[in-house]
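Q: Could you have a look at this structure, given as structure tokens, before my questions?
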Amino acid sequence: MKTLIQPRDVPKYTSMQLPGNPCTFREIFHIEMYEFRHSLGDAYRKTLLAAMVDYTGTDLYDDQTTYNEGDLVMYWINESLQVYRALTTTDAIPTTVDDWELAPIFEDGDCQAKYNELYCDYLAPYLSYCVLIKKLPSLVAIISDKGVLQFNGLSYQPADQSSVASLKAALESERLMIYSNMVAWLKADQDNACFSGIDFGTSEDCDGCGLVKNVKLYNRYQRGQYKFA
């Protein structure tokens, strides 16, 4: 199922130490849908998904090929695949700044710049922290046919429960900060047509309740008490 963020985005946008294994974060769809249902609304998630460029089928970079302006390639960088677009005729590797650029996330149009800003500065980091926090327990221990097994840390010492709890609290703090900033940024530009699918709400008694359909949940966000069940 199509999602806004990819497994590779979790280590990219969070404080998770690289390299991280993106395959750890496959269960993104339901986490992403849950967060949108309780924030910007699932209809707006679908609006953003429809505006994203589909790079399915893009070939991997071939160092024996000369590329022309506008050509697209997949290239491994920082343990993840990125899509690059050629700026000129070139046989240089895609990280060569003068020859390549990261391919756009969203289709050309009036909302491309706003969607990019929302996605890169707020939404992708926020959703990545949501996924990381949700997956944190299974990063420490796994369920197998032998019972619940704790990760031995390989060359590291496994973290105790208090350390894991402290880490989760720190991640929650990062997520809440990004969420609060995203709400403030959106409300400051709420008349922009690119955000017309978001219900900003009008109640003076609940600033921002329109961005979070569940008012009790939003109040917990405001107090810094939001936790996954």
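Q: Please indicate, with yes or no, whether at least one residue in the range 98-110 is free of Cβ contacts under 8 Å to residues at least 60 places away in the same chain, β-branched (Val, Ile, Thr) and over 26 Å from Met33 (Cβ atoms).
A: The answer is no, given that none of the residues of the range 98-110 is free of Cβ contacts under 8 Å to residues at least 60 places away in the same chain, β-branched (Val, Ile, Thr) and over 26 Å from Met33 (Cβ atoms).
Q: In the set Asp191, Asp205, which member is more than 23 Å from the chain's Cα centre (by Cα), modelled with pLDDT of 60 or more and either open to solvent by 60 Å² or more (accessible area, probe 1.4 Å) or among the acidic types (Asp, Glu) (or both)?
A: Asp191
Q: Evaluate the range 147-167: report whether one residue or more is modelled with pLDDT under 70, touching a Cys at 6+ places or on another chain (Cβ under 7 Å) and loosely packed, with under 14 Cβ neighbours inside 10 Å.
A: Looking through the range 147-167, none of the residues is modelled with pLDDT under 70, touching a Cys at 6+ places or on another chain (Cβ under 7 Å) and loosely packed, with under 14 Cβ neighbours inside 10 Å.
Q: Within the range 97-120, work out how many residues are over 28 Å from Lys187 (Cα atoms) and open to solvent by less than 50 Å² (accessible area, probe 1.4 Å).
A: Residues flagged as over 28 Å from Lys187 (Cα atoms) and open to solvent by less than 50 Å² (accessible area, probe 1.4 Å) within the range 97-120 amount to 3.
Q: Checking Arg37 against (1) free of Cβ contacts under 8 Å to residues at least 24 places away in the same chain; (2) surrounded by fewer than 16 Cβ atoms within 10 Å (Cβ to Cβ); (3) within 19 Å of Thr3 (Cα to Cα): exactly one of these is not met. Which one?
A: Looking at each condition in turn, Arg37 falls short on (1).
Q: Criterion first (modelled with pLDDT of 80 or more and either surrounded by fewer than 13 Cβ atoms within 10 Å (Cβ to Cβ) or not aromatic (Phe, Trp, Tyr) (or both)) does Lys213 satisfy it?
A: Judged against the criteria, Lys213 is not a match.
Q: Same structure, new question: Looking at (1) out of contact with any Leu (no Cβ under 7 Å at 6 or more places or on another chain); (2) among the aliphatic types (A, V, I, L, M); (3) free of Cβ contacts under 8 Å to residues at least 12 places away in the same chain; (4) under 26 Å from Tyr34 (Cα atoms), can you tell me which one Ile142 breaks?
A: Failing condition for Ile142: (1).
Q: Sticking with this structure for a sec: Would a scan of the range 134-148 turn up a residue that is polar (S, T, N, Q) and either under 30 Å from Ala188 (Cα atoms) or in contact with a strand residue (DSSP E or B) (Cβ under 9 Å, 6 or more places away or on another chain) (or both)?
A: No, the range 134-148 has no match at all.
Q: Name the residues in the range 62-78 that are within 24 Å of Thr3 (Cα to Cα) and either part of a loop (DSSP other than H, G, I, E, B) or acidic (Asp, Glu) (or both), would you?
A: Of everything in the range 62-78, just one residue is within 24 Å of Thr3 (Cα to Cα) and either part of a loop (DSSP other than H, G, I, E, B) or acidic (Asp, Glu) (or both), namely Asn78.
Q: Tally the residues that are open to solvent by less than 40 Å² (accessible area, probe 1.4 Å) and within 30 Å of Asp199 (Cβ to Cβ), restricting the search to the range 44-87.
A: Summing the residues that are open to solvent by less than 40 Å² (accessible area, probe 1.4 Å) and within 30 Å of Asp199 (Cβ to Cβ) in the range 44-87 gives 7.
The values are calculated or read from the model by the stated rules, or taken from the named source; none is laboratory data. Since we're looking at a predicted model, the values are computed, not measured. Methodologically, a virtual Cβ is constructed for each residue, glycine included, from the backbone with ideal geometry; neighbour enumeration extends over all protein chains shown. Only protein heavy atoms, including side chains, enter the accessible area calculation; ligands, DNA and RNA are left aside. Shrake-Rupley method; radii C 1.70, N 1.55, O 1.52, S 1.80 Å.
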